[in-house]
Amino acid sequence: IPNLLPTAKEIMAIKKFTGEDDKLITAELFFRQLIPIKRIEDKVKVMQTMASFEEHVEEARSGFQCLQEVCGQVMNSEKLISILEMVLNIGNFMNQGTLDGGVEAFKFESLPKLSQTKSADGKTTVLDYIVETFIEKGERETLFIASDFPRIQESSRTLIGDLMSEMALNRSNFKLCESELTKMKHDQSSKKVTYGVLEKKIEREPMDPRKALFAAIKARGAQENFEEEKHSGDADPRQALFAAIKNRNKSETLKDSDSDTPDVSELSPGVQKLQRFLTHAEVVLSFGERDQDAAIRACKGLAVYCGEEGGERSAGPLLQIICEFATSLESAIKKYDEKKEAE
């Protein structure tokens with residue numbers, strides 16, 4: 001839809017045209033109908049948001065939930081811990097007597113190297129040795145670490161930074177809808193101002209206390225010229241002043257109570273629909289932001305658990321490494337089985 005809107009140059013050309021409509025082509029007639037609409041670009045964006053907002057938030061929520069789930073499963077996987085302990089022991093054994101020996105930890109980025117580092121025969125890799133060791137100990141199932149985090153592949157393709165950007169865009173679009181609703185209500189309120197309303201406002205126009213005081217003094221001085229006013233009592237300037245002040249305060253109270261926003265029943269169907277959308281969208285957005293916060297905490301926890309820096313954004317690369325490691329383990333198991341069958 002945004003691509004169908006007239007450009008600034010096209011708008012200028014249509015406004016300058018003073019001929020009959022039958023001289024215009026269909027597109028130009030369409031542009032002429034759009035030009036009087038206030039904030040047409042914002043309204044089109046609001047329509048797009050209303051049509052796709054919930055779907056976009058739900059997609060982001062799905063990603064956040066996936067990351068939260070898998071990060072927790074990785075940190076609680078006993079199978080992964082057992083394999084990582086063996087990797088550490090093998091690494092220390094291979095580096096015995098060197099500066100790299102006797103370490104208590106290693107980087108996860110070292111895991112892919114296990115399938116590349118080969119023994120003297122040039123055929124057996126460190127990963128092959130790990131697989132053979134576990135199987136011969138009767139712990140074959142331990143090697144299938146992916147069973148502890150079934151959605152590891154999905155999570156490895158999900159970057160929390162992208163999801164956070166998507167949520168920021170959703171929030172921005174929500175704010176745009178809120179702003180446009182306020183402006184549309186104001187537009188409709190302005191249209192409902194009639195002569196009768198203006199007349200009532202004029203009647204409630206607050207009296208200036210100073211003018212009231214001067215008028216009372218003038219009236220007091222003119223009493224002698226009007227015999228009929230002798231029995232009505234003197235006009236006290238102080239009373240007039242206090243009355244004017246009281247009247248002004250009352251007028252301001254009435255003014256404050258009058259809202260520029262019309263009653264809901266007076267709003268157009270389009271404005272009412274947008275208002276209902278925002279009520280629902282606010283709840284949807286709050287759920288999305290809740291899941292985002294939970295996913296950020298989980299990703300940060302995984303980074304700390306794996307000894308990595310970079311906060312929640314380091315979870316993506318870690319999950320990719322673990323996913324590839326799980327796949328390499330399964331390939332090594334298959335290789336072991338084929339070798340045994342050949343023997």
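Below, the figures for the structure above:
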item: Tally of residues being of a type in the set (A, V, I, L, M) and exposed (fewer than 10 other Cβ atoms within 10 Å of the Cβ) across segment 9-30; result: 1
item: Met86 open to solvent by less than 50 Å² (accessible area, probe 1.4 Å), at pLDDT below 95 and farther than 30 Å from Met164 by Cβ; result: yes
item: Residue list for segment 137-170, restricted to those being within 29 Å of Leu278 (Cα to Cα) and either open to solvent by 70 Å² or more (accessible area, probe 1.4 Å) or not in a helix (DSSP H, G or I) (or both); result: Thr158, Leu159, Asp162, Ser165, Leu169
item: Top-ranked residue of segment 110-132 - restricted to ones that are open to solvent by 30 Å² or more (accessible area, probe 1.4 Å) and not in a loop (DSSP other than H, G, I, E, B), ranked as modelled with the lowest pLDDT; result: Lys118
item: Search result, residues across segment 1-30 that are assigned to a loop (DSSP other than H, G, I, E, B) and under 21 Å from Gly270 (Cα atoms); result: Ile1, Leu5
item: Residues located in segment 31-57, provided they are free of Cβ contacts under 8 Å to residues at least 24 places away in the same chain and either open to solvent by less than 30 Å² (accessible area, probe 1.4 Å) or part of a helix (DSSP H, G or I) (or both); result: Arg32, Gln33, Ala51, Ser52, Glu55
item: Complete set of residues in segment 285-328 that are within 21 Å of the chain's Cα centre (by Cα) and surrounded by fewer than 19 Cβ atoms within 10 Å (Cβ to Cβ); result: Ser286, Phe287, Glu289, Arg290, Asp293, Ala294, Arg297, Lys300, Gly311, Arg313
item: Leading residue by the ranking (modelled with the highest pLDDT) among those in segment 1-58 that are of a type in the set (S, T, N, Q) and more than 38 Å from the chain's Cα centre (by Cα); result: Thr26
item: Whichever residue in segment 89-109 is surrounded by 12 or more Cβ atoms within 10 Å (Cβ to Cβ) and assigned to a loop (DSSP other than H, G, I, E, B) and, among such residues, is modelled with the highest pLDDT; result: Phe106
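The values are calculated or read from the model by the stated rules, or taken from the named source; none is laboratory data. Values in this document were obtained by computation on a predicted structure and should not be read as measured data. Cβ atoms come from the backbone with ideal geometry, glycine included; neighbour counts cover every protein chain shown. Just so you know, the surface numbers come from the protein's heavy atoms only, side chains and all, with ligands and any DNA or RNA stripped out. Shrake-Rupley method; radii C 1.70, N 1.55, O 1.52, S 1.80 Å.
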